[in-house]
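Novice: Got a structure for you, written out below as structure tokens; questions coming shortly.
The values are calculated or read from the model by the stated rules, or taken from the named source; none is laboratory data. The model shown is predicted, which means the values in this text are computed figures rather than measured ones. No Cβ is skipped: glycine too gets one built from the backbone with ideal geometry, and neighbour counts run over all protein chains shown.
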Amino acid sequence: MLANSAPYPRVIGLGTANPDTCYDQTVIADMFGHKQARIKKLFENSHIRKRFLYLPEPGEDGLIEQEDSATLQKKHLSGSLEMGAAAINKCLREQNLTTRDIDYLACVTSTGFLCPGVSAHIAKALDFRPDVRRTDILGMGCSAGVNGLQVVTDYVRTNPGKKALLLAIEVCSSAYYVDSSMETAVVNSLFGDGSAALLITSDDEYSGESGPMVVDFESETITENIDALRYNLVNGMLSFYLDKDIPYVIGANIHKPIQRLLERNDLKLRNIDHWIIHSGGKKVIDSIKYNIDISNHDVRHTLSVLQDYGNMSSCSFLFSYDNLRKENIAKKGDIGVVVAMGPGVAIETALLRW
């Protein structure tokens, strides 16, 4: 089993945030003006009940007009600042800390491009120290939160006593392109806006009651399917493309990084107590369940997040982790596996121990 010698980086806080505006899934279809029966059925049968989104007010006809690229970019920044601040403040309050206590800030987003990056805007808005170290992770999509987790974990592992903050912010509504195609409808029926901040340290003053230790990572990048998840630029706006074969690509490869992760740590699938999986969509979740033989109970938090928020890209798995925390069932010695999938095609995994 896992070694207990050196102190591992430990999660000690989490905060999540969404826009104030929440929409019923079927209402969104009407607001986008989808009249085709097959598209309306897609929204109705997506296993998503509601989503939090920054959407413009509908016109007198009840329809949303396509926002131009400048408006979408402004929304990416304003939404990032609003949700990012809320998530960070909620996270830090758990340990009675402020932004001045943070030594490293890593920001993850794939729903817009800013230069200076999100981390600089957040650092200014929330009064981080001038010497805070920063990293912005762009373009890695739904799996990027786990990539960001590895960055902050590596930092605190090599800087004992320091505190690092991972902030995943996805304003998916700032990357919405509206047309009458089924491909676009699939994307617009799936994604929601959200943010999550995770606090991590290797300071041994924090006990297991604070949260799990982050033990190890493993990746699998399926480059032969590199175009299966991607952004296209249409009329100067981002339009996400999601290949219909993605569930099968993920399912056929999901066992590879998980198997390597577990074997390296002397573990079997039966040793895993908790699964924290990205809410990538019902077909993707079903494919993962089938191919690694886990149960509906194992993915209950994943399905719950999908139902109540949709796919929030890189921060989705942190909402699932938050649901697990609220259950308060994880006990000392429990083992957890994090799984997220994104463009590349990439499967990112992490091993946790309570």
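Novice: Can you tell me which residue among Ser320, Ser316, Ser279 is farther than 18 Å from Tyr8 by Cβ, in contact (Cβ under 8 Å) with a residue 24 or more places away in the chain and part of a loop (DSSP other than H, G, I, E, B)?
Specialist: Exactly one residue qualifies, and that residue is Ser279.
Novice: Exactly one of these conditions fails for Arg49: (1) surrounded by fewer than 22 Cβ atoms within 10 Å (Cβ to Cβ); (2) closer than 18 Å to Leu318 by Cβ. Give me its number.
Specialist: Of everything listed in (1) surrounded by fewer than 22 Cβ atoms within 10 Å (Cβ to Cβ); (2) closer than 18 Å to Leu318 by Cβ, Arg49 misses just condition (2).
Novice: What are the residues in the range 29-50 that are over 15 Å from Ser181 (Cα atoms) and hydrophobic (A, V, I, L, M, F, W, C), if any?
Specialist: Listed by number, the residues that qualify are Met31, Ile48.
Novice: Sticking with this one: Which of the residues belonging to the range 53-93 are of a type outside the set (A, V, I, L, M), in contact (Cβ under 8 Å) with a residue 40 or more places away in the chain and in a helix (DSSP H, G or I)?
Specialist: Those that are of a type outside the set (A, V, I, L, M), in contact (Cβ under 8 Å) with a residue 40 or more places away in the chain and in a helix (DSSP H, G or I): Ser69, Gln73, Lys75, His76, Gly79, Ser80, Glu82, Gly84, Asn89, Lys90, Cys91, Arg93.
Novice: Now a separate question. Identify the residue in the range 323-346 that is of a type in the set (Gly, Ala, Ser) and not in a loop (DSSP other than H, G, I, E, B) and, among all such residues, is farthest from Tyr231 (Cα to Cα).
Specialist: Gly336
Novice: Another one. Looking at Glu209 and the list (1) modelled with pLDDT under 80; (2) more than 27 Å from Arg325 (Cα to Cα), which single condition is not satisfied?
Specialist: Result: Glu209 passes all but (2).
Novice: Mind counting the residues in the range 282-301 that are over 17 Å from the mean Cα position of the chain (by Cα), assigned to a loop (DSSP other than H, G, I, E, B) and of a type outside the set (D, E, K, R)?
Specialist: Counting residues in the range 282-301 that are over 17 Å from the mean Cα position of the chain (by Cα), assigned to a loop (DSSP other than H, G, I, E, B) and of a type outside the set (D, E, K, R) gives 4.
Novice: For the range 74-96, which positions are within 21 Å of Pro56 (Cα to Cα) and either outside the structural domain of Val108 (by TED's automatic domain parsing) or buried (at least 22 other Cβ atoms within 10 Å of the Cβ) (or both)?
Specialist: Within the range 74-96, Lys75, His76, Gly79, Ser80, Met83, Gly84 qualify.
Novice: Can you pull out every residue in the range 231-240 that is closer than 13 Å to Glu183 by Cα and either buried (at least 16 other Cβ atoms within 10 Å of the Cβ) or at pLDDT below 75 (or both)?
Specialist: Answer for the range 231-240, where residues must be closer than 13 Å to Glu183 by Cα and either buried (at least 16 other Cβ atoms within 10 Å of the Cβ) or at pLDDT below 75 (or both): Tyr231, Ser239, Phe240.
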